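Since every read-out is calculated from the coordinates, none of them should be taken as a lab result. Keep in mind it's a predicted model, so treat the numbers as computed, not measured. Cβ coordinates were reconstructed from backbone atoms using ideal geometry, including for glycine residues, and neighbour counts include every protein chain displayed.
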Amino acid sequence: MAIDKINPAGLHEPEGYTQVVVAQETKRVYIAGQIGVDTDHVVVGSDVASQTAKAFENLGIALEAAGASWEHVVKWTGYVVGLDEAKLGEFFDGLGQAAERGLVPTAATLIGVQALYQPDLLVEIDAIAEV
């Protein structure tokens, strides 16, 4: 398996992600949006940081089930309800907790949204992995 992470000259030096990921000869894994809920579908926390940490934890469980791990993630997308500067800071707090559990920088996108499918959900994260 060959996964190359590239930060080309001419683009800004990213912090916490990679500008380009190239995967060759791999099995592609698509993981549905993970949210900050436990196995009983109870929302964990009422803040962005808690829900981000739990969503990434759930993403890790999904990766493992597919025979993948954090180093196989080539792209993730995060969605945050009402994204503003304060919620961005909370998201990065939760992201830091995920990094402590093995999340590595890769291509990533963070999008502010008006709402998710359930009113008390604040964060959803999906991913693509190459194994």
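Here are a few things to note about the model shown:
- Overall form of region 35-103 per C-alpha gyration tensor (a/c, 1.5; a/b vs b/c): oblate
- Shown here for region 44-122: chymotrypsin sites (Phe, Trp or Tyr not before Pro) in loop regions (DSSP other than H, G, I, E, B) with at most 13 other Cβ atoms within 10 Å, namely Y117.
- Value of relative contact order over the chain, rounded to a whole percent, pairs C-alpha under 8 Å and six or more apart: 36 percent
- Across the chain, the longest piece that holds none of the trypsin sites (Lys or Arg not before Pro) lying in DSSP loops with up to 14 other C-beta atoms within 10 Å covers 28-100.
- Each of T18, T39, T109 was scored by other Cβ atoms within 10 Å of its Cβ. Arranged with the fewest first, they read T39, T109, T18.
- Alpha carbon convex hull of the chain, projected area averaged over orientations, nm²: 8.1 nm²
- Neighbour counts of C-beta atoms inside 10 Å place E100, E15 in the sequence E15, E100, starting with the fewest.
- Think of the chain as having a plus end and a minus end, set by charges on the Cβ of Lys, Arg, Asp and Glu; of F91, V20, V42, V20 sits farthest toward the positive end of this dipole.
- Among beta bridges that DSSP assigns inside the chain, antiparallel share in %, nearest 5: 75 percent
- Exposure proxy order (Cβ contacts within 10 Å, fewest to most) of L88, L59, L122: L88, L59, L122
- Estimated [θ] at 222 nm from DSSP helical runs (n ≥ 4, -39500 (n - 2.57)) normalised by residues in the chain, nearest 500: -8500 deg cm²/dmol
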